[in-house]
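The values are calculated or read from the model by the stated rules, or taken from the named source; none is laboratory data. All figures in this text were calculated on a predicted structure; none of them were measured in a lab. Neighbour counts are summed over all protein chains in view; Cβ atoms, including those assigned to glycine, are modelled from backbone coordinates with ideal geometry.
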Amino acid sequence: MLYVDNFRFLCLAMVFGWCFSGKYFANIYNDYRTVAVEAARDAKQHPFKTSVYLASLSIAAHFVKTNPTKQQFESQVTECANDIAVVGDAIRNQNSDTHIQQLVCCANAGLLRRTTFGVFSIMWIDNYDPAVDVYEARCKLLRVGWFEWPERIVDIGVLGHWRWLEKAMIDYDINPSEWDDQ
């Protein structure tokens, strides 16, 4: 045991001694300087390729920055539920009402989950609230599978908007069956 502890100490001393000697940081500086010089040279040689890369990187950064959160989704669901609540039953769009009521029930039960892919997010319905501590909720084999997952998706968020929620709220105050009777 004493031999192992001494060996660990010697290894750590060698590593930290080399790191703090200045050679380590000089090598890192030299590597990054070489990469920067080569990147600048390649950018001058291929300006179109460089502009495409920079534009793609800028667009991806914008998508990542405006990726909506779960709190934004729940806030928007609450606002939509309030908007539908002030509309009378006779003129309320039943499709919008059903969709929003399902989301409100799932949110109240704690079943909504957000999975982010960096540039967009997906809201989906899980089987159990994370606070539930029963075997079915914790067992990895009983979780939502890949084949079942697409039918549990309730919304897709991109560029700060939840697409299906906004689509469900189009004409939420117009009952199409009201116009069919006339």
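Would you check which residues across the stretch 63-77 are within 15 Å of Asn108 (Cβ to Cβ) and touching a residue at least 24 places away in the same chain (Cβ under 8 Å) and list them?
Residues satisfying the conditions are Lys70, Phe73, Glu74, Val77.
Taking only the stretch 42-56 into account, find how many residues are among the aliphatic types (A, V, I, L, M) and exposed (fewer than 11 other Cβ atoms within 10 Å of the Cβ).
1
Can you find a residue in the stretch 41-51 that is at pLDDT below 85, among the small types (Gly, Ala, Ser) and not assigned by TED's automatic domain parsing to the domain that holds Val158?
yes
Could you list, in sequence order, the residues of the stretch 144-169 that are more than 17 Å from Arg113 (Cβ to Cβ) and of a type in the set (Asp, Glu)?
Of everything in the stretch 144-169, just one residue is more than 17 Å from Arg113 (Cβ to Cβ) and of a type in the set (Asp, Glu), namely Glu166.
Could you say whether any residue in the stretch 145-155 is out of contact with any strand residue (DSSP E or B) (no Cβ under 6 Å at 6 or more places or on another chain) and of a type in the set (Val, Ile, Thr)?
no
Please determine, by comparing only the residues of the stretch 62-89 that are in a helix (DSSP H, G or I) and charged (D, E, K, R), which one is surrounded by the fewest Cβ atoms within 10 Å (Cβ to Cβ).
So, considering only residues that are in a helix (DSSP H, G or I) and charged (D, E, K, R), the one surrounded by the fewest Cβ atoms within 10 Å (Cβ to Cβ) is Lys65.
Part of a helix (DSSP H, G or I), at pLDDT 85 or above and over 29 Å from Gly160 (Cα atoms), is that true of Val37?
Taking the combined requirement at face value, the residue satisfies it.
Can you name the number of the only condition in (1) touching a helix residue (DSSP H, G or I) at 6+ places or on another chain (Cβ under 6 Å); (2) of a type outside the set (Val, Ile, Thr); (3) part of a loop (DSSP other than H, G, I, E, B) that Met123 fails?
Going through the list (1) touching a helix residue (DSSP H, G or I) at 6+ places or on another chain (Cβ under 6 Å); (2) of a type outside the set (Val, Ile, Thr); (3) part of a loop (DSSP other than H, G, I, E, B), Met123 breaks only (3).
For Ile59, are the conditions met, namely being in the same structural domain as Lys167 (by TED's automatic domain parsing) and either outside any helix (DSSP H, G or I) or more than 26 Å from Val144 (Cβ to Cβ) (or both)?
It is false that Ile59 is in the same structural domain as Lys167 (by TED's automatic domain parsing) and either outside any helix (DSSP H, G or I) or more than 26 Å from Val144 (Cβ to Cβ) (or both).
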